[in-house]
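Each remark here refers to the structure printed beneath this line.
Just so it is clear, none of the values below were taken in a lab; they were calculated from the coordinates. Computed from a predicted model, the values in this text were never measured in an experiment. Here Cβ is always computed from backbone atoms with ideal geometry, including for glycine, and neighbour counts include all displayed protein chains.
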Amino acid sequence: MAGNNLTGSIPPEIGNATQIHIVYRQNLEYLDLSTNKFNESIPSILGDSFKLHYLNLSNNKLAQSIPFKLKKLVQLNYMDLSHNSLEGKIPLELGSMQSLVTLDLSHNNLSGSIPSSFEEMHGLSYVDISYNHLEGSLPNINAFREAPPERLKGNKGLCGKVEALLPPCNAHGSKKDHKVIFSVAVFVRLSTLFTIVFVIMQRKKKHQDTKQNHMHGEISFSILNFDGKSMYKEIIRATEDFDSTYCIGKGGHGSIYRVNLSSGDVVVVKRLHLLWDGNTEFQKGFLNEVRALTEIRHQNIVKEVAWPQF
């Protein structure tokens, strides 16, 4: 029946004709329906043809998946399902077809991996799975190891040590692992970089703080060499008893003077005047200004060391 233009589905009633035309299904040994226009699916009832040793359904428009019941064809030597529109995964059960010598599944839409059960098909010598959507490792049997490239090409992700020079599975089949490793490596490097930057910034800040403290310490040290009375006398001497000549500014609660100490240091002294008139708001403002002066921290401002009233 090969090479005709038969259309429609393969009828499940095939084999019900008399033995003159087609033998009963159970005694069918040879079936060639290739190069026709059969569509729909492969009938599962073909699996009941226990004596079938040759099956060729190639070059049709058969769709859907390969029936797993074909595993019953234990005497089948030749199966060609190529050039159809078969889809889905290759049934695991086909691995039980121990008598199969030739298997052609090329030019379909089969996907997924090749079942590991195929490694039990030691009688298989010819295999063609080209132009599908198969992926994963090839079964470790001669039919796949010795297959030429044209019988394996056209798939998106096959791997294995075969003569077709496919990439090794440990390099090809671990793309997700490589992505994870790459992501972790990038994260670790970025974390390390941020840590280094943070440490450098902290050290720089510490160095600046130390430098500022050193600057403050030099001036404060010069001032603290004097006791209270000596300091008072030194300020009176340097400002000629707070002469207006040395005044560089005035505020609501006092005047600011430039003082050239005998040590050579130049400091600023603010003389605060508490004009007590019973106004509690004025007193509160005065105390707030004193408190603010004690809390100011700046590299160009000497820390206040005393605030006596004169």
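When peptides 79-89, 261-271, 145-155 are ranked by their average number of other Cβ atoms within 10 Å per residue, the highest-first order is 79-89, 145-155, 261-271.
Highest-first packing order for the peptide set 129-135, 230-236 is 129-135, 230-236, based on the mean count of other beta carbon atoms within 10 Å. The residues I90, I141, when put in order of fewest to most other Cβ atoms within 10 Å, stand as I141, I90.
Estimated at 0.36 nm per residue, the fully extended path between Y126 and Y232 surpasses their Cα-Cα distance by 27.1 nm. Positive contributions from Lys and Arg (+1) and negative ones from Asp and Glu (-1), summed over other residues with Cβ under 9 Å from the Cβ of S255, come out at +3.
Of the chymotrypsin sites (Phe, Trp or Tyr not before Pro) found in the range 17-107, the ones in coil according to DSSP and having at most 16 other Cβ atoms within 10 Å of their Cβ are Y24, F50. The string of couplings for the range 93-103 from the Karplus curve (6.51, -1.76, 1.60, θ = phi - 60°) is 5, 5, x, 7, 7, 5, 8, 5, 10, 10, 9 Hz, one whole number per residue in order, with x for Gly and Pro.
Relative to the current alpha-carbon distance between K69 and E29, full extension at 0.36 nm per residue lengthens the span by 12.7 nm.
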